[in-house]
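To start, the structure itself, in structure tokens.
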Amino acid sequence: MKLGVNTLIWSAAYDEAVEEVLPAIRERGFDGIEFPIFRAMNVSPAHVRQTMESNDLACNTVSVFVDGLSLISDDASVRTRALQWLKDMIAVTAECGGETLGGPLYCPVGWLPGRRRTVVEWARAVEAYQSVGEMLEQHNVTLAIEPLNRFETFFLNTAEDAARLADEVGHPRVGILYDTFHANIEEKKIAEGLRRVGRHLKLVHTCENDRGTPGSGHVEWESVFAAIREVGYDGWLTIESFGFALEDISAAAAIWRDIETSPAAIAFEGVRFLRQALG
Ligand code: LER
Ligand code: MN
């Protein structure tokens, strides 16, 4: 298993704040990073590749839909633009040398229309993911769709639904990102949810129940690791948290206080815990 850290702990962009911490990320025991791309033109893939190579790190990307884009919109032109945007993200991920693009890639985070999802919206998502299957194959990228808790999305909350979605898409390059922070809210047992998505598991966000340091809260890590092993998952375990004052990002994650002594402590104390727990 490989250990990663989401650079949203330090910055919303791939910038100097991230680059200067890359040596420490490697030194403290991470194998790679996961960084956010919100717009393709804001990333310089050649630069990302070069800094990954010089720091002996691998990278994955995460994204969310911005500018009101949505694969499940009632507006066909919005869906078309969202699909193009998704394809751009897949291409950029490959150019950066990343093999997994993860995130709640169906509709904007925080879009809560005050009703249940419809069968039509579900079908739109399935069709969109099926339509990028070939491109994913060509670019050697895997799409990891992430269910979120009910306060961040209405569309996909549970492991059961996520597994059904991936079943219906039916493409080996389209699977699930399981985030223990969200699962702690939505699943009866976090480990049970993992077993449910097991056959589609492409990425795990190993997050504490308060987005603080893994190992410091009430996530039942022993059973989580047991389930991860049981389903034969051997991919990335990535710590995801967010800077405490990153404006839009802190607002999206509803972080209005210092969760730990510093955001970086979540990464560096967290990786120690994960390494120890994995043995
Ligand atoms: C993204 O990976 C995530 O977990 C969301 O909570 C971001 O808003
Ligand atoms: Mn996550």
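The values are calculated or read from the model by the stated rules, or taken from the named source; none is laboratory data. Source: prediction; values computed, not measured. Note that each Cβ is placed from the backbone with ideal geometry, even for glycine, and that neighbours are counted across all protein chains shown. These area figures cover heavy atoms from the full protein model, side chains too; ligands, DNA and RNA do not enter into them. Shrake-Rupley method; radii C 1.70, N 1.55, O 1.52, S 1.80 Å.
A quick yes/no check of all residues on (1) under 22 Å from THR153 (Cβ atoms); (2) under 17 Å from the mean Cα position of the chain (by Cα); (3) among the acidic types (Asp, Glu):
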{"site": "TYR14", "(1), (2), (3)": "no, yes, no"}
{"site": "ALA17", "(1), (2), (3)": "no, no, no"}
{"site": "VAL21", "(1), (2), (3)": "no, no, no"}
{"site": "ILE25", "(1), (2), (3)": "no, no, no"}
{"site": "GLY32", "(1), (2), (3)": "no, yes, no"}
{"site": "VAL43", "(1), (2), (3)": "no, no, no"}
{"site": "GLN50", "(1), (2), (3)": "no, no, no"}
{"site": "LEU57", "(1), (2), (3)": "no, no, no"}
{"site": "ARG81", "(1), (2), (3)": "yes, no, no"}
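Check off (1) crowded, with 16+ Cβ neighbours inside 10 Å; (2) modelled with pLDDT under 95 for LEU71 and give me the number that stays unchecked. Result: LEU71 fails condition (2) only. Hey, can you tell me all the residues within region 129-160 that are under 17 Å from VAL109 (Cβ atoms), of a type outside the set (A, V, I, L, M, F, W, C) and more than 16 Å from the chain's Cα centre (by Cα)? Of everything in region 129-160, just one residue is under 17 Å from VAL109 (Cβ atoms), of a type outside the set (A, V, I, L, M, F, W, C) and more than 16 Å from the chain's Cα centre (by Cα), namely ARG150.
Filtered by the rule that a residue be surrounded by fewer than 18 Cβ atoms within 10 Å (Cβ to Cβ) and either among the aromatic types (Phe, Trp, Tyr) or more than 16 Å from ligand 1 (Cβ to nearest atom) (or both), region 252-272 gives TRP256, ARG257, ASP258, THR261, SER262, ALA265, ARG272. Out of all the residues in region 102-111, is one or more under 21 Å from TRP10 (Cβ atoms), touching a strand residue (DSSP E or B) at 6+ places or on another chain (Cβ under 6 Å), of a type in the set (Val, Ile, Thr) and open to solvent by 20 Å² or more (accessible area, probe 1.4 Å)? No, region 102-111 contains no residue that is under 21 Å from TRP10 (Cβ atoms), touching a strand residue (DSSP E or B) at 6+ places or on another chain (Cβ under 6 Å), of a type in the set (Val, Ile, Thr) and open to solvent by 20 Å² or more (accessible area, probe 1.4 Å).
For region 169-180, the set of residues classified as out of contact with any Ser or Thr (no Cβ under 9 Å at 6 or more places or on another chain) and either surrounded by fewer than 23 Cβ atoms within 10 Å (Cβ to Cβ) or under 19 Å from VAL132 (Cα atoms) (or both) consists of VAL169, GLY170, HIS171, ILE176, listed by residue number. Within region 181-195, no residue that is within 9 Å of ASN149 (Cα to Cα) sits with its Cβ atom under 8 Å from a residue that is within 12 Å of ligand 1 (Cβ to nearest atom) and part of a helix (DSSP H, G or I) at 6+ positions apart or across chains. Checking the structure you have, find out if any residue of region 193-200 is open to solvent by 40 Å² or more (accessible area, probe 1.4 Å) and within 14 Å of ligand 2 (Cβ to nearest atom). No, there is no match, as no residue in region 193-200 is open to solvent by 40 Å² or more (accessible area, probe 1.4 Å) and within 14 Å of ligand 2 (Cβ to nearest atom). Residue count for region 228-238 under the criterion of being away from ligand 1 (no atom under 11 Å from the Cβ) and crowded, with 19+ Cβ neighbours inside 10 Å: the result is 5.
Scanning region 201-218 for residues that are open to solvent by 10 Å² or more (accessible area, probe 1.4 Å) and without any contact (Cβ under 8 Å) to a residue 60 or more places away in the chain gives LEU201, ASN209, ASP210, ARG211, SER216, GLY217, HIS218. Is there any pair with a first residue in region 94-118 that is farther than 27 Å from GLY235 by Cβ and a second that is of a type outside the set (Asp, Glu) and within 16 Å of ligand 2 (Cβ to nearest atom) whose Cβ atoms are under 6 Å apart and which are 6 or more apart or on different chains, and what are they? Close Cβ pairs (under 6 Å, with a partner that is of a type outside the set (Asp, Glu) and within 16 Å of ligand 2 (Cβ to nearest atom)) amount to ARG117/PHE155.
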